[in-house]
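Here is the structure we will look at.
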Amino acid sequence: MFSIIQAAGWPIWPLIICSIVALAVVVERLSSLRAARVIPPRLLDEVLSVTRANLPSPDVVNKLADNSILGRVLAGGVRAVIADPRITEEALRGTLESAGRAAVHRMERYLNTLGTIASAAPYLGLLGTVIGMIEIFGSQSPTTGSNPAMLAHGISVALYNTAFGLIVAIPALMFYRYFRGLVDQYTLDMEQAANRLVPHLLRFSMARASN
């Protein structure tokens, strides 16, 4: 591996740094975007069950917020009803939408970095190719002819950087698309969960308004 890096020359080092960053982002996002940490399967049903008769205590709401990203969104709605017993549907939906935007921002963390690497890696590989071509032309001399060592080095720089740029870019792009699709699916699931929670919580607001 070290011999390949030597043969590829200095232009490969930015690609190596990009590959390390991309790998770190992929591992972190695979861990953070697991369903158990974003939208646990039965969390909404548990919240509806707990709030069927009464609003939960602040400790229970705090535990809900710490449970997952969806838990934080639902906890925001429950806290809004506790803070304002006569809250309107519009205000409650606004609170949930604000919490939802924060949740989406959290799920999209580092995805721009991964997308940038997927876009930039081929250009970095192309840069290495151009530098290799420059070395190839530099090995040509009108008096002594071509220098075989410099010619071979220029070719290796060009080919290795082109290949490594694609090796970095293709997996980065695939994971970027995968994570984007995952975030979109989670966002839709959160919207549906919020829509189910709103009329459930408004029962408490209407009950207090009638008293």
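The values are calculated or read from the model by the stated rules, or taken from the named source; none is laboratory data. Here the structure is a predicted model, which means the values were calculated and not measured. Quick reminder, even Gly has a Cβ in these numbers, built from the backbone with ideal geometry, and neighbours come from all protein chains shown. Surface areas here come from the heavy atoms of the whole protein model, side chains and all, with no ligands, DNA or RNA. Shrake-Rupley method; radii C 1.70, N 1.55, O 1.52, S 1.80 Å.
Scanning the stretch 8-42 for residues that are open to solvent by 20 Å² or more (accessible area, probe 1.4 Å), charged (D, E, K, R) and either in contact (Cβ under 8 Å) with a residue 60 or more places away in the chain or not in a helix (DSSP H, G or I) (or both) turns up Glu28, Arg34, Arg42. Tell me, yes or no, whether the stretch 29-46 has at least one residue that is within 23 Å of Asp189 (Cα to Cα) and in contact with a His (Cβ under 7 Å, 6 or more places away or on another chain). No; the residues of the stretch 29-46 include none that is within 23 Å of Asp189 (Cα to Cα) and in contact with a His (Cβ under 7 Å, 6 or more places away or on another chain). The residue of the stretch 99-133 that is modelled with the highest pLDDT, among those that are crowded, with 21+ Cβ neighbours inside 10 Å and in contact with a Pro (Cβ under 6 Å, 6 or more places away or on another chain), is Leu124. Residues of the stretch 164-187 that are hydrophobic (A, V, I, L, M, F, W, C), open to solvent by 80 Å² or more (accessible area, probe 1.4 Å) and out of contact with any helix residue (DSSP H, G or I) (no Cβ under 7 Å at 6 or more places or on another chain): Ile167, Ile170, Met174. Can you tell me how many residues within the stretch 88-139 are within 30 Å of Leu30 (Cα to Cα) and β-branched (Val, Ile, Thr)? Residues that pass the stated criteria total 5.
Counting only residues that are open to solvent by 80 Å² or more (accessible area, probe 1.4 Å) and in a helix (DSSP H, G or I), the stretch 43-82 holds 8 of them.
Within the stretch 83-94, the only residue that satisfies the criterion of being open to solvent by 50 Å² or more (accessible area, probe 1.4 Å) and among the β-branched types (Val, Ile, Thr) is Thr88.
Close contacts from the stretch 104-115, counting a first residue that is closer than 20 Å to Met190 by Cβ and part of a helix (DSSP H, G or I) and a second that is open to solvent by less than 10 Å² (accessible area, probe 1.4 Å) and at pLDDT 95 or above, with Cβ to Cβ under 6 Å and a gap of 6+ residues or different chains, come to Met107/Val183; Leu111/Phe179.
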